[in-house]
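Please read the structure below before turning to the comments.
We did not get these values from a lab; they are worked out from the coordinates using the rules stated. These numbers come from a predicted model, not from an experiment. When we count neighbours, we look across all protein chains shown, and the Cβ atoms used for this are built from the backbone with ideal geometry, even at glycine.
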Ligand code: ADP
């Protein structure tokens, strides 16, 4: 269902921010790109210009890395106590919360997602993550270790470990949750005492830039967080290849993840963490509560317009319930109110860009031409923006690209199965291993299935449940390392073992 009528305007302060000629944040100063080039930002609901940002490239990355290195080595950051560090991150969370409306509007206009969803999920999750990480700043502990040293009989030692910041971190983030991904990256880096060069996605730079102003207001010293807007192939690649970056944290496609690994290997063997693609299986067992599983499966794929690396894009349903589930999810899809994210009734906005709209439609067309059938959807949506109809595909085959590849759009393939053991093997038959879900009333069975699924995050009788305390990341080609939770600290620290002979 496409919403008609003009959506309300954003608040004047949001518009005033969009109207600025945005610059890069380097060493506490907002500066234009060295090349002077600019990058136009588009509103995906209309295809019209939203704002303008600097087009940073390798020269700007060089300046930003230099600033981050200086801030790490000799700036005040290294002398800020862990308690002060925690307070600054907490203050940033408070400031973000105080500006929730503005951030929700910016995110909706820039990314296309419903303003209401950004206000209920993206911004509060970012605030929560920052607070969670603020708490860790004072709790990054080492161990004392009893050691024996067999070749030094009689000698006595005192050994302990420290966890120290890894140093200058390059962080490259995608466009699907622009603010939240910035928070996932910045939170643990700041809590552990690293300094950062953040390269935001060219499609969606607005909320990270606004956050940059709050970072300054929170008292985080100059050079600790530097923000670069620009293209992946230039600014992003320069950051991944920079010899003075100690670690790169990347979220995006598996394809680009492999380029990041190559760049790290060919430069200085910097540490790498990756949160990449997925093709997540969602399994409805025969005893599942369908009243929960059907809307749950719809949410699994249609949340954020399917632009989630953990989207439940392969839906496996026992043959005995297949017809009912397909009908239910198709009805759900048809009822979704699609339109500009600023519309108060919007439940699904546009894809982030024309490129993504074309890509998603390309996948659908390839599936349809190979014999799949769209029970609902299968077309670009109405309106001048980059809309795609929520789509339910049936009659797919395992070798089709709609089953094997990440579509990153609101397209689910519903596949029947007969045998429970066989469906687990089919679910695991993927190059990815980010997320998976199982729906069942038999909770023991749910745990048994969860154990067999090769994925970093498994949900039982729910989907898309995120919390700052829960580690997130993938098996197989879905990534390296875990973000959020205690695990995230490991990505940003080095262990040092110190031994003294007594
Ligand atoms: P998508 O295909 O969904 O846009 P990408 O993986 O291309 O996802 O982009 C995620 C992030 O990676 C963005 O910030 C983008 O600018 C950046 N990026 C793209 N290509 C490269 C590259 N070759 N090196 C480093 N970063 C890149």
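Some notes on this structure:
- log₁₀ of I(q)/I(0) at q = 0.26 Å⁻¹ - the stretch 435-492, Debye sum with one point per alpha carbon: -1.06
- Kirkwood radius, the stretch 267-426, all distinct C-alpha pairs, inverse of mean reciprocal distance: 16.2 Å.
- Cα long-axis angle, helix 58-73 against the chain (0 to 90 degrees, to the nearest 10): 50 degrees
- Degrees, to the nearest 10: 319-335 long Cα axis against longest axis of the chain: 80 degrees
- For the stretch 13-40 versus the stretch 393-460, the gap between their alpha-carbon centres in whole angstrom: 43 Å
- Label-point gap, in nm, between residue 397 and residue 494 - each point 7 angstrom along Cα→Cβ: 5.3 nm
- For the stretch 1-124, alpha-carbon Rg relative to the globular expectation (2.2 N^0.38 Å, N residues): 1.31
- Potential extension, residue 461-residue 369 segment - 0.36 nm per residue separation minus Cα distance: 29.7 nm
- Helix-only mean residue ellipticity at 222 nm for the chain, each DSSP H run of n ≥ 4 adding -39500 (n - 2.57), per residue, nearest 500: -11500 deg cm²/dmol
- The stretch 129-160 and the stretch 467-488 have their alpha-carbon centroids 23 Å apart.
- Cα gyration tensor category, rounded, prolate or oblate, for the stretch 200-345 with a/c compared to 1.5: prolate
- If the Kirkwood radius is taken over C-alpha pairs of the chain, then at 25 °C and 0.890 mPa s the Stokes-Einstein diffusion coefficient equals 104 µm²/s.
- Tilt relative to the chain, helix 254-266 - C-alpha long axis, 0 to 90 degrees, to 10: 20 degrees
- Centroid-to-centroid separation of the stretch 257-293 and the stretch 188-251 [C-alpha atoms, Å]: 22 Å
- Listed peptides 213-222, 337-346 appear in the order 337-346, 213-222 once ranked by packing, highest mean of other Cβ atoms within 10 Å at the front.
- Å³ per residue enclosed by the Cα convex hull of the stretch 183-222: 72 Å³
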